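Undergrad: Below is one structure. I have some questions about it.
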Amino acid sequence: MGKRNGVTGSEHKQAFAKLVEQNAQKHSKQEVFSDFCEMSAISISNAVDRTRRDEREARYLDIAKRYNTDELNRFAEMLAHVVLELETGFSDVLGSLFMQLALGDSWKGQFFTPYEVSYLMAALTYEDVTEQIKHQGFVQINEPCVGAGGMAIASADVLQKQGINYQQHLHVAATDLDKRACHMAYIQLALLHVPAIVTHGNALCPEAQTYSHWFTPAHVLGQWDEKLKIRWFVDAFTERCSQSAAIAPRTSVTPTEYQSAIDVIKTDSQAAQLSLFDDPLDCTQ
């Protein structure tokens, strides 16, 4: 267990749990924990996502008015303990706290996988991604039921232990139907500076059930929207080439082709993206 200024990570969790109990004098523990997660997520989001700021600020104030000054100050202390524990090392802090506080809903079957199990799965899945990063620039992870973000955190942990800067070479697309889980995952991925989009919705039916998107600071500051658009084009291009009978399947593009993709995508024109498949990047050339 890591230690910072003489305080162990477990002590930070104990302090967090105590603050929840203190705020649960007039509210249920479920409500306190959920409100903490949503208010913290909104605070982080509003620092980088201006397009959703007004709506989320109104929601923040709506939650805050249910608590007095002392209770609101405890929320700030709770977030500080999450930050400090994450500084002791990678872990699913909020997922473990959720289980420690016995907040699981047996009807929904909510259970957060222990971090040690998530780490083992991530280590087996991403045993060596050096070649993938060399050819594609970064690793993409899709978590359709992200929970508190344990698997995504463990993946960042594994990459870092391989000497890979996950802040530059990892992107997470995370989805969960449970709003509280989305807030938990968003907080932890944001604090660990993992580039990610956390979606509150149904991964099985995204067209019908998508309620909100949460972009981590690392996603926004790292200009990952553009990087993902480029990856989309490159993948589409190589897929077309692999289907061509005129040449052998290709798994990468040339620097000239890659720069052409960047130039076109920067125009943000869907028509231009589609026309690119006609002549400039004809995969038979």
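Undergrad: Out of (1) closer than 30 Å to Ala123 by Cα; (2) surrounded by fewer than 13 Cβ atoms within 10 Å (Cβ to Cβ); (3) of a type outside the set (D, E, K, R), the odd one out for Thr88 is which?
TA: For Thr88, the exception is condition (2).
Undergrad: Now for a separate question. Before we move on, is Arg59 of a type outside the set (Val, Ile, Thr), out of contact with any Pro (no Cβ under 9 Å at 6 or more places or on another chain) and either modelled with pLDDT of 95 or more or in the same structural domain as Met184 (by TED's automatic domain parsing) (or both)? Break it down into steps so the answer makes sense when it comes.
TA: On the way: of a type outside the set (Val, Ile, Thr): yes; out of contact with any Pro (no Cβ under 9 Å at 6 or more places or on another chain): yes; either modelled with pLDDT of 95 or more or in the same structural domain as Met184 (by TED's automatic domain parsing) (or both): yes.
It is true that Arg59 is of a type outside the set (Val, Ile, Thr), out of contact with any Pro (no Cβ under 9 Å at 6 or more places or on another chain) and either modelled with pLDDT of 95 or more or in the same structural domain as Met184 (by TED's automatic domain parsing) (or both).
Undergrad: Any chance segment 94-108 includes a residue that's within 19 Å of Tyr166 (Cα to Cα) and of a type in the set (A, V, I, L, M)?
TA: No, segment 94-108 contains no residue that is within 19 Å of Tyr166 (Cα to Cα) and of a type in the set (A, V, I, L, M).
Undergrad: Looking only at segment 114-133, filter to residues that are loosely packed, with under 15 Cβ neighbours inside 10 Å and in a helix (DSSP H, G or I); which one of those is farthest from the chain's Cα centre (by Cα)?
TA: Restricting to residues being loosely packed, with under 15 Cβ neighbours inside 10 Å and in a helix (DSSP H, G or I), the top hit is Glu131.
The values are calculated or read from the model by the stated rules, or taken from the named source; none is laboratory data. Owing to the predicted nature of the structure, the values given are computational and were not obtained by experimental measurement. Note: ideal-geometry Cβ built from the backbone for every residue, glycine included; neighbour counts use all protein chains shown.
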